[in-house]
Every structure is written in structure tokens, then in C-alpha cells.
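The values are calculated or read from the model by the stated rules, or taken from the named source; none is laboratory data. The model shown is predicted, which means the values in this text are computed figures rather than measured ones. Backbone-built Cβ (ideal geometry, glycine too); neighbour counts: all protein chains shown.
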Amino acid sequence: MSRNFLIWGAFATLFAATGVFATGGVLDGAIEKQSLNVAAIVMFLLFVAGTLGITYWAAKRTKTAKDFYTAGGGITGLQNGLAISGDYMSAASFLGISALVYTSGYDGLIYSIGFLVGWPVILFLIAERLRNLGKYTFADVASYRLAQTPIRTLSAFGALATVILYLIAQMVGAGQLIQLLFGLPYWMAVVIVGVLMTLYVTFGGMLATTWVQIIKAVLLLSGATFIALGVLYSFDFSFEKMFTEAINTTRDAKGMMSGETIMAPGGLVNNWFDAISLGIALMFGTAGLPHILMRFFTVADAKEARKSVFFATGFIGYFYILTFIIGFGAIVLISKNPEYLTAEGGLLGGNNMAAIHLSHAIGGNIFLGFISAVAFATILAVVSGLTLAGASAVSHDLYANVFKRGEVNEAQEMKISKMATVVLGVIAIGLGIAFEKQNIAFMVGLAFAIAASANFPVLFLSMYWSKLTTRGAFLGGGLGLLTAIVLVVIGPTIWVAILGNEEAIFGSKYPALISVTTAFVGIWFFSITDNSKRAQIDRAAFEAQDIRCQTGIGAEGAVTH
Amino acid sequence: MQQELVDKIKNDPKYQALVSKRSRFAWILSIIMLVIYYTFIMVIAFSPQTFAIKIAEGSVITIGIPIGILIIISAFVLTGIYVWRANGEFDNLTHQIKEGIK
């Protein structure tokens, strides 16, 4: 049956994609000046055909729950490093950060650095312990010695909230981007992305999801390298020359920073609260993202887990340096070129198109097609990982361990996880369409705030603090979750930008400093005052857990002969 | 894990050495990374003009740019240092501990 579905899915996608040929003509609206991009469509179809082939191959190897959730634990450190960096290099970070450099220069670099520095800390403090304790989800680790029902439920909701917010942001971004790049109607783009990701995850599980991510990471890194080399080539490989021309180009620019101000920090972070809070959100948020954490269970042991982070940090850092060059290249090569500008002088399709236009300026139509296809592939790969993380939270945490209290056979759990994948696919398509015209700028920030304030503190203290109890983790984690949501709602991104109020009740866009502190203090307070029977069990179990954390003795899939 | 085994490993001097050496190393590296990052972001919050100083007379490049690139490289180098020591020294100790409980 699975084979028929795959073939059906491939046809549906081909059909939907080729539908452009018929509808392209009527799409010449105000925003889409983009003509039909044949090269992009051909290359995207090649990518889809290749990844469906991988899914077919992976489907034959995905038999057990361990295969489905963790690709059988057989991914190597280098492969996993590429997959992790692929999860991190979303279309939003590729297009968004190069756009930020394009409009604000140096500020783009500040953002990149914040996103990167969480990784070393994850390696030093979290990666190995996570690998040694966990099985399929980060809730396995958080609830290792605590009462299953409350902690799994809290972690699963934390995971689902993060995943769904992220999914909406990605789906809306996908629809808008594909509309621009391929001339496809918005809804059709969202449906194609939703159908493909459901196919990858349902049939190919983690193995297919990982390989889709690896292929895309390699394509994206190569494409971005090519653009950056093209930029440097046009300045005779002289940074001095590139920056000088960028300064001269922006002297009288409107809607972006101008002249020498692009070479120094602007207004991105300008007070101590935002500075600390943004840092905490990015660092602890990364360490609480379920789709990233689950990647640590796909490698054989702690050694491979470490190598994964080493490679991932290298690839992500390299990628951010490329986006910096790409942004500056775009300032010089496209910001004054009428071919890429609207009548008002802005970029066609908005500033997020900077990297895309630049690829055309450097490599012509064929290369534009390649980069557009890579951007589409990027979205697909990232939403697939998110969907798998969400499905595991439903099937492994909520169904198998909370609802069935661990008494469930593999076949049932697999069935539920596939059903959950399809349901998440439908939800993602539905919300993607519903949020088309909404302001979704707050969603990724909120996802990071929840990951940092609810997921991370419980996970971290469960591994590091012997006195943690179930009550402390549940109440403290819950308080962190609540604080994060409330502060985002009454902050500038929702209270002012969406609800239209004059002034925000909470003045900062970054609530993490307060919500993370609340979570840690809450967990501490409700743990030390906990004298219940359960608390004694929780504390007594720390010693054995810590030995497994430190050595991997007894760890899932580890070799202990 | 049975209590017997837990006690045996816990009292193994090699286990104690592994835990204390690795914890110290991991925390030191984490603190180095945090200090680097927060120094950077605090300079941006309080004294952004510091990063606007030119790297040389007549150049347009500000010191903020090489500093930013160096921070990216430092993150990579720090992970490399940790992985190098952990995959050698710490894994050897872990292996010996596992041999000891056979």
C-alpha cells in the first residue's frame, strides 16, 4: 500500500507543479512580476523525484519504532552535523539574514552570532548526556526519573507548541516565497509543501527526513558558496573594495541604513535588557527546540553526538559568513539595478528577495532557478523535521507513555505516529492558508521563548540537579511557559503590531530573561519545598541516572560489552 | 541499574576522575563562550561606536567586522577543542570504567 501512495503522491505533486504552466498567465498581479521560471521548476522537480526515491528506499528500511524515530540510530556524526545545520539553515535564515545584512549591514552579523553561540554550549553541557539518557524524544530525558504523566505531558505540549508555531511560520513563508519564485498560487504552494512533507515522514520516517535534510544542506551550502565567490570575484577578492563600494552605493539610500553606518552596530540591540534577553532566548531556545534535540538520538553513541555538534557549528558558522558577504554583495550589485527594483525603488518582492536577485545577477537564469529550487527544498526539509518531532511527541510521549502508560506494542505506536503525521500535515496546510494575510513575525520569537522557558529548564535541571522533583519540574516549567506566552502577548509584537494598541504593556520584544528566570526559580522553589513520597523517589533515582549520563552504561543502542 | 553496580561505579576512582575532569573542562569552555558573547553584545548595547573604529588609517573596514568573524571562528574552535579531548582522554577513561565492571 505504501508504494501506491508514494507513486500517487509523486503524481499529485507533478500535477500540481506543472499546473503552473496553465495558470502562470493569470498570475501577473501587483507583486508577482516574476515570469514563469522553467529552470527553477525543472530543478525543483528533480529534487522532488530524488527525495521521493530516497523515501521509497527509506520506507523499506523503516520497520520498527526505533527506525521511525531515530533512523535506527545509524547516522554518523558528519551526516548528523549536516542534518542539524540543515535544520538551522532554514529559508528564513538564508533569505532573512542576507536581507538583514542588505538593509542594515553589520546588524545582520550580530543576529547570526547570537544564533551560533548556543551550539558550543549545547555541546559542552547537553549533547552527550542527552544521547546517553534519551531514546526517541527529549521528554524521555526530562521524565527519566520523574513521574511520567505530568512531565511527559508538559514536555509534549512544550514540543507541540514550538513545532506548530514554527510550522505556521514556515508554511506562510513557503507560500509567499513559492508564489514569488515559481508563480504558483499561494494555496497550491502550501498544499504541495504539506503533501510532500507528509509523504517523507509517514513512509520514510527519520531516515528519509535526515537524508532530505542532508541533501538540502549540501545544495544550500554549495549554492551560497557560489554566490559568495561570485560576489568576491566581482571585487577582485578585495573586502576593502567590496565594503567601500557598498558604502558609496548606500550614501543616499532610502529604506535602508546608509553610508558608513552599515559598517557598525545600528539599532538592533540598544539596551542591556534586550541584549541579555535576546542572548538567553537564542541560546537556551536552541537547546529546547524539539526538532533539533531529536537529532541527538539518531547517532550511535556520545562520541558521534559530539562530532555532530562540531560539524554543525562549523557548517552553520561558515554559512553565516557567506550570508554576510551575500548581503553586502547585494547592496552593490542589485540595489541600484533597475532590473530588480520596483517603480518606487524597493526590491521586487521585498527585501527578503535580496539573495535570490543576487543569484540572478551572478549566475543568470539557470542559477536563479537553482537557488529558487534550493529555497523550496529548504522549506520542505525543515518542515519535515518539524513534523516528525511533533508526531513523536504525540505518539511516543502522549499516546504510548501517558495515555497507555507504556503498555503499548510497537506496531500500535507506529500506527499512531503515522496518523499523527497526517493530522499534523493537514493542520499545517490549514493554518498555512488561514494565516496567509496575518502578521506572523512574532511566531518564531514565541517558539524560541517557549523552548527556552518551558522545555529547556526542565530538561537541563533533570540532568544536572539531584534535588529536582516532579512537582518542581511541572509547576516551574508550567510557570515558565505561561510567563513566556503572556509576555509575548502583551509585548510589542502582538499587543501593538497585531492588536493595534498604542503602547505595549511589556516593553521588550524579548521576554526570555524574565520567563527563563521565572522557570528556574519556580522549579527550584517547588522542588525544595516538596516533601511528598514521589519527591523521595525522584531524588533517590538521580545517582543511577547520573552514572548513565556520564558513561553511557545502559544507554539505548550503546555498546556496553 | 542495580544499587550494587551504582555503588561500584560511584566508588571507582576512574569514574570520579572522569566526572571531575570533564565537568570542569565543560564548564570552563562554556564560561569562555558566554564571556566572549556577552562582552560582544554588551559593547553593542552600551558602546556601539567602539566597533565603528577603523582597522587602519584609510581603510573603511571597522574593527567590529573582524571581531564578529573571530567570534564565529572561536565557537568552532572551542567545539573542536572539546571534541578532541573528549574523544581521546575522556572516552579512554569511560572505556576503562566499562571494562572494570565486566
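Would you pick out the residues in the stretch A:471-491 that are part of a helix (DSSP H, G or I), surrounded by fewer than 22 Cβ atoms within 10 Å (Cβ to Cβ) and touching a Phe, Trp or Tyr at 6+ places or on another chain (Cβ under 7 Å)?
A:Arg471, A:Leu475, A:Val489
When you check A:Leu468 against the structure, is it part of a helix (DSSP H, G or I) and closer than 26 Å to A:Thr137 by Cβ, yes or no?
no
Of all residues in the stretch A:498-531, which are exposed (fewer than 15 other Cβ atoms within 10 Å of the Cβ), of a type in the set (Gly, Ala, Ser) and in contact with a helix residue (DSSP H, G or I) (Cβ under 9 Å, 6 or more places away or on another chain)?
A:Gly507
Determine the pairs where a residue that is within 8 Å of another protein chain (Cβ to nearest Cβ), located within the stretch B:18-30, has a partner that is among the hydroxyl-bearing types (Ser, Thr, Tyr) and surrounded by fewer than 17 Cβ atoms within 10 Å (Cβ to Cβ) with Cβ atoms under 9 Å apart, the partner being 6 or more residues away or on another chain.
none
Does any residue in the stretch B:33-47 that is under 19 Å from B:Pro66 (Cβ atoms) and more than 7 Å from every other protein chain (Cβ to nearest Cβ) come within less than 8 Å, Cβ to Cβ, of a residue that is among the aromatic types (Phe, Trp, Tyr) and assigned to a helix (DSSP H, G or I) six or more places away or on a different chain, and which pairs are these?
Taking only residues 6 or more apart or on different chains, the pairs are B:Val43/B:Phe51.
Somewhere in the stretch A:437-454, is a residue over 21 Å from A:Thr162 (Cβ atoms), free of Cβ contacts under 8 Å to residues at least 12 places away in the same chain and in a helix (DSSP H, G or I)?
no
Tell me which residues, restricted to the stretch B:48-69, are in contact (Cβ under 8 Å) with a residue 12 or more places away in the chain and either facing chain A (nearest Cβ under 7 Å) or touching a Leu at 6+ places or on another chain (Cβ under 7 Å) (or both).
B:Phe51, B:Ala52, B:Gly64, B:Gly68
Within the stretch B:74-92, work out how many residues are facing chain A (nearest Cβ under 7 Å) and among the β-branched types (Val, Ile, Thr).
Within the stretch B:74-92, residues that are facing chain A (nearest Cβ under 7 Å) and among the β-branched types (Val, Ile, Thr) number 2.
Here's the yes/no breakdown for (1) modelled with pLDDT of 95 or more; (2) within 19 Å of A:Ile113 (Cβ to Cβ); (3) of a type outside the set (D, E, K, R); (4) surrounded by 14 or more Cβ atoms within 10 Å (Cβ to Cβ):
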| residue | (1), (2), (3), (4) |
| --- | --- |
| B:Asp7 | no, no, no, no |
| B:Phe25 | yes, no, yes, yes |
| B:Ile36 | yes, yes, yes, yes |
| B:Phe46 | no, yes, yes, no |
| B:Thr50 | no, yes, yes, yes |
| B:Ser59 | no, no, yes, no |
| B:Asp91 | no, no, no, yes |
| B:Thr94 | no, no, yes, yes |
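For the stretch A:358-373, name all the residues that are surrounded by 24 or more Cβ atoms within 10 Å (Cβ to Cβ), touching a Leu at 6+ places or on another chain (Cβ under 7 Å) and at pLDDT 90 or above.
Listed by number, the residues that qualify are A:Leu358, A:Ser359.
Conditions tested, residue by residue: (1) over 25 Å from A:Arg129 (Cα atoms); (2) of a type in the set (D, E, K, R).
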| position | (1), (2) |
| --- | --- |
| B:Ile9 | no, no |
| B:Lys21 | no, yes |
| B:Ile44 | yes, no |
| B:Ala52 | yes, no |
| B:Gly68 | yes, no |
| B:Tyr82 | no, no |
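Filter the stretch A:252-281 down to the residues that are at the interface with chain B (Cβ under 7 Å from one of its Cβ atoms), in a loop (DSSP other than H, G, I, E, B) and within 14 Å of A:Val101 (Cβ to Cβ) and list them by number.
A:Ala264, A:Pro265
Name the one entry in B:Ser47, B:Ser20 that is polar (S, T, N, Q), out of contact with any helix residue (DSSP H, G or I) (no Cβ under 8 Å at 6 or more places or on another chain) and under 30 Å from A:Phe243 (Cα atoms).
Going through B:Ser47, B:Ser20 in turn, the sole match is B:Ser47.
Would you be able to tell me the number of residues in the stretch A:501-552 that are farther than 30 Å from B:Lys98 by Cα and without any contact (Cβ under 8 Å) to a residue 12 or more places away in the chain?
The total comes to 7.
Which one is surrounded by the most Cβ atoms within 10 Å (Cβ to Cβ), of the residues in the stretch A:236-251 that are more than 9 Å from every other protein chain (Cβ to nearest Cβ) and free of Cβ contacts under 8 Å to residues at least 60 places away in the same chain?
Looking at the filtered set, the residue picked out is A:Lys241.
Within the group A:Leu293, A:Leu322, A:Leu229, A:Leu289, which residue is surrounded by fewer than 21 Cβ atoms within 10 Å (Cβ to Cβ), out of contact with any Cys (no Cβ under 6 Å at 6 or more places or on another chain), closer than 30 Å to B:Leu78 by Cα and more than 10 Å from every other protein chain (Cβ to nearest Cβ)?
The match here is A:Leu229.
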